[in-house]
Amino acid sequence: MNILVRFALLLLLVTLTSGCAKKMLVALVPDPDGKIGSISVESAAGSVTIDTSYQATTIGDPQKMPSTPAPVAKKKLDKIFKEALSIQPEQPLHFLLYFQEGTELTSESMKLLPDIIASIKQRNSTDISVVGHTDTLGSKEYNTALSTTRALAVRTLLVTQGAESNAIRTTSHGKENPLIPTGDNVSEPRNRRVEVVVR
Amino acid sequence: MKSISMGVLVAALMLPCTWAYGSDTTHIGIVKSLAGDVVITRSDRTIQAEPNLRLQEGDVVQTGPNGKVGLILEDDTVISMGFDSKIALKRFMFQPNEKKLSFITRVFHGTISFLSGQIAKLAPTQAQIETPYATVGSRGTHILIQVD
């Protein structure tokens, strides 16, 4: 056989056995704070759940089941995801601010403002959220209005202290994103807050 | 009176434009860290990514052979992508007060790290990563995905 043909066949074989074996790997690893979550991986044939860290499943055909989750070495994941992990940004910072009454911050919360400004500068952040939250007591309209007013007051304070106004977006999550989950119509001072998120 | 109603009409007509182009009100996150070639495809436009670029729902993010990028979304989701990777931010709704919560990412190929955020926490069934092989559902966690 012509040596060129042989070479072409060899190349084809290599391509078929390695290049075409396309597949996906999904692994669960600990959050930066050490917590382990849970994921489901669902194909047309069914789904598997992973709730242990450093476990992975693979799938090469969407019509087949994902493989039974099995341990995967941290070293292997670090190698495959080296570049992705090397560029991973720091998680956003959350600052919790509380009020005496109306839109007046408690003195402890006032003391946090310089820290917020410092972190905005340190992260060179151009994307800051100021989010009003309430507890579950009272009407939705009243709570939304009050938490929005409080968020706007915090925005003004931050701008006064040097934050860029067009980098800040204010919003209200009302009672729908509580720090401490409660039933309805429950007074919970820890939920009546404004969160500043610095990205 | 006539001029006032005309003004209202003009304002109403302009509103959709403001929504379409007003990235200040519609952005869902930002490009936070970046190296090498990274492009964003938005509708029919291709934008060279740069730090602090504001992301919109529907954006397709693609890294080149030497490109990598880190994104932070409004709900605290942190996504980072290695070389030769491509994803689409298909749907992103983070309005808890209106009970509108949904986040769908499409992974086409590459190596991607996901740190899920508040949407996955508040509405676990509404946070999904679609891939050519399977759909990954997340309940508040750190996920690594490699798609050939």
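The values are calculated or read from the model by the stated rules, or taken from the named source; none is laboratory data. All values derive from a computational prediction rather than experimental measurement. Methodologically, a virtual Cβ is constructed for each residue, glycine included, from the backbone with ideal geometry; neighbour enumeration extends over all protein chains shown.
Selection within the stretch B:79-89: residues that are closer than 15 Å to B:Thr131 by Cβ and more than 7 Å from every other protein chain (Cβ to nearest Cβ). The member of this set that is nearest to the chain's Cα centre (by Cα) is B:Leu89.
Screening A:Ile128, A:Ile116 for residues that are away from chain B (no Cβ under 14 Å) and in contact (Cβ under 8 Å) with a residue 60 or more places away in the chain leaves exactly one candidate, A:Ile116. Pairs are defined by a Cβ separation below 8 Å, a sequence spacing of at least 6 or placement on different chains, a first member in the stretch A:71-82 that is closer than 16 Å to A:Thr57 by Cβ, and a second member that is of a type in the set (Phe, Trp, Tyr); the pairs so defined are A:Pro71/A:Tyr54; A:Val72/A:Tyr54; A:Ala73/A:Tyr54; A:Leu77/A:Tyr54.
Among the residues of the stretch A:71-113, just one is more than 30 Å from A:Val29 (Cβ to Cβ), out of contact with any strand residue (DSSP E or B) (no Cβ under 9 Å at 6 or more places or on another chain) and either within 14 Å of chain B (Cβ to nearest Cβ) or of a type in the set (Val, Ile, Thr) (or both), namely A:Thr103. Out of the stretch B:127-141, which residues are facing chain A (nearest Cβ under 8 Å), crowded, with 23+ Cβ neighbours inside 10 Å, in a strand (DSSP E or B) and modelled with pLDDT of 95 or more? Within the stretch B:127-141, just B:Val136 meets the criteria. Here A:Thr58, A:Thr15 are screened, and the one residue that is surrounded by fewer than 20 Cβ atoms within 10 Å (Cβ to Cβ), modelled with pLDDT of 95 or more and more than 7 Å from every other protein chain (Cβ to nearest Cβ) is A:Thr58. Can A:Ser40 be described as buried (at least 17 other Cβ atoms within 10 Å of the Cβ), among the polar types (S, T, N, Q) and more than 13 Å from every other protein chain (Cβ to nearest Cβ)? Considered against the rule, which asks whether it is buried (at least 17 other Cβ atoms within 10 Å of the Cβ), among the polar types (S, T, N, Q) and more than 13 Å from every other protein chain (Cβ to nearest Cβ), A:Ser40 comes out as no. The numbered conditions (1) within 30 Å of B:Ile79 (Cβ to Cβ); (2) touching a residue at least 40 places away in the same chain (Cβ under 8 Å); (3) of a type in the set (Ser, Thr, Tyr) are all true for A:Thr103 except (1).
Among the candidates B:Asp76, B:Asp59, the residue that is at the interface with chain A (Cβ under 9 Å from one of its Cβ atoms), among the acidic types (Asp, Glu) and either touching a residue at least 12 places away in the same chain (Cβ under 8 Å) or under 23 Å from B:Thr141 (Cα atoms) (or both) is uniquely B:Asp76.
Here's the yes/no breakdown for (1) at pLDDT 95 or above; (2) among the β-branched types (Val, Ile, Thr):
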| position | (1), (2) |
| --- | --- |
| A:Ser129 | yes, no |
| A:Gly138 | no, no |
| A:Glu141 | no, no |
| A:Val186 | no, yes |
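When restricted to residues that are buried (at least 18 other Cβ atoms within 10 Å of the Cβ), closer than 12 Å to A:Ile117 by Cα and of a type in the set (Gly, Ala, Ser), the stretch A:147-199 contains 1.
Please verify whether B:Asp148 is within 8 Å of chain A (Cβ to nearest Cβ), closer than 20 Å to A:Gly37 by Cβ and of a type outside the set (Ser, Thr, Tyr), treating the condition exactly as stated. For B:Asp148, the condition - within 8 Å of chain A (Cβ to nearest Cβ), closer than 20 Å to A:Gly37 by Cβ and of a type outside the set (Ser, Thr, Tyr) - is not met.
Just so you know, in the stretch B:23-52 the residues that are hydroxyl-bearing (Ser, Thr, Tyr) and under 17 Å from B:Ala88 (Cα atoms) include one that is modelled with the lowest pLDDT, and it is B:Thr26.
Condition check ((1) away from chain A (no Cβ under 13 Å); (2) closer than 22 Å to A:Glu90 by Cα; (3) not in a helix (DSSP H, G or I)) across all residues:
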residue	(1), (2), (3)
B:Arg91	yes, no, yes
B:Phe94	no, yes, yes
B:Ser102	yes, no, yes
B:Gly110	no, yes, yes
B:Ile119	no, yes, no
B:Thr125	no, no, no
